[in-house]
1. Starting from the 7 Å offset along Cα-to-Cβ, what nm value, one decimal, do you get for the label separation of residue 177 and residue 198?
2. Report the net charge of residues surrounding residue 185, where surrounding means a beta-carbon distance below 10 angstrom and charges are Lys +1, Arg +1, Asp -1, Glu -1.
3. Can you give the net charge of the other residues whose Cβ lies under 12 Å from the Cβ of residue 227, counting K and R as +1 and D and E as -1?
4. Scan [x] 38, 26, 16; [y] 28, 26, 19; [z] 30, 21, 19 for the value of semi-axes √(5λ) of the Cα gyration tensor in Å calculated from this model and give just the label.
5. Which of 79, 135, 57 sits closest to the plus end of the dipole of the chain, meaning its Cα is farthest towards the positive end, when Lys and Arg get +1 and Asp and Glu get -1 on the C-beta?
6. What does the charge add up to near residue 308, with Lys and Arg as +1, Asp and Glu as -1, over the other residues with Cβ less than 12 Å from its Cβ?
7. Which whole-number percentage describes the relative contact order of region 61-269, with Cα contacts under 8 Å and a sequence gap of 6 or more?
8. Which value in deg cm²/dmol, rounded to the nearest 500, describes the helix-derived mean residue ellipticity at 222 nm for the chain, given -39,500 (n - 2.57) per DSSP H run of n ≥ 4 and division by the residue count?
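Laboratory data are not the source of any read-out in this text; all were calculated from the coordinates shown. Just so it is clear, the structure is predicted and the values come from calculations on it, not from any experiment. Positions of Cβ are backbone-derived with ideal geometry, glycine not excepted, and every protein chain shown enters the neighbour counts.
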Amino acid sequence: MSEAVTEKPRAQTRSARSRIIPILSRYAPVVCLVLLIVIFTVLTDGRFLKPLNLFNVMRQISIEGLIAVGMTFVILTAGIDLSVGSLVAVAGLSAALIAKGSAASSFSLSESEATGYGWFAAMLGAIAVGVLGGMIQGTAITRLKVPPFVVTLGGLSVFRGMALMISGSGPISGFDEAYRWWGQGRIGPVPVPVIIFLAIAAVAFVVLRYTRYGRQVYAVGGNREAARLAGVNVERVLLSVYVIIGFLAGLAGFVLSARLNSSEAVAGMGYELNVIAAVVIGGTSLFGGVGTIFGTVIGSILIGVLINGLVLMNVNPYVQQITIGLILVAVVAFDQFAKSRRLK
């Protein structure tokens with residue numbers, strides 16, 4: 001009798017724990033973001049919450065945030081893209097060459113020499129390069145059956161080499177005011193890159209949550225064979241997510257070059273870690289089928305807040321990278337733990 005009585009509270013405790021874990025996995029990014037804001041506000045004597053600094057945080061995350069939105073689609077299908085930073089560099093250089101008309105005045109910062117084809121053609125060129133890169137990689141993954149990790153790792157090297165060839169190891173600088181507006185301009189107090197990021201995130205949110213295509217992305221990531229048997233064209237969905245991230249990497253390359261008024265072969269280095277970290281910290285499972293765009297936005301902001309706060313505290317940049325890497329490993333470990341508990 002006493003054993004039955006003691007067993008009941010234990011069962012209730014296990015049941016409570018099983019309910020807490022999904023809640024933590026869902027709301028942990030928001031809770032961590034709030035805690036970081038409070039901690040950095042206290043440690044920096046309120047400097048962190050100054051409007052200028054907050055806008056700087058949002059501007060800093062907007063480029064990687066754009067790519068993180070695309071990476072969400074990829075990771076939802078249990079894929080990965082390690083080439084995004086290199087693709088950003090190639091797209092940015094392509095946009096710069098189109099805007100300048102040639103590489104003849106690539107080292108000049110003078111607007112008078114920016115006599116190319118204008119910002120619109122440059123933007124379209126950057127996006128076209130990104131889409132082409134994504135399509136090539138997606139085709140290798142779907143048609144040749146090469147694992148995404150291997151394909152995009154090769155893409156990382158190939159695109160970076162292309163960027164070095166295009167630039168001749170030097171920057172292409174000096175764009176007109178209309179071009180620079182896309183990276184440096186504001187609409188009211190809000191920087192243009194932030195508006196682009198939030199607009200793209202809103203569109204992606206609607207696509208994933210309310211469209212048939214979005215349901216197919218989740219289905220492919222959740223159980224690829226079951227999705228195929230249900231009539232989903234798995235190869236087409238997989239190809240499409242790499243085209244999407246290529247599109248957004250191309251757009252990010254254009255915006256980054258406009259923001260810096262320069263484009264160079266080393267642009268986008270290290271973006272892979274920050275982007276994947278933002279997506280995973282935001283609650284998207286590396287094993288596919290679970291995640292949201294809202295979580296990715298929160299994850300991107302969290303990474304931006306973390307880096308900005310560490311900078312305000314004069315923490316060594318190398319420590320920043322160590323911190324992000326440790327957080328990424330911890331989040332994936334928790335995701336594994338939560339998944340194992342859900343299966344029990």
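1. So the two model labels end up 2.6 nm from each other.
2. +2
3. +2
4. Of the labelled values, this structure produces [x].
5. So the residue furthest toward the plus end is 79.
6. Summing Lys/Arg as +1 and Asp/Glu as -1 gives +3.
7. Taking the mean separation of contacting Cα pairs over the length of region 61-269, I get 43 percent.
8. Values: 13 runs with 259 residues, N = 344.
Calculated at 222 nm, the ellipticity per residue is -26000 deg cm²/dmol.
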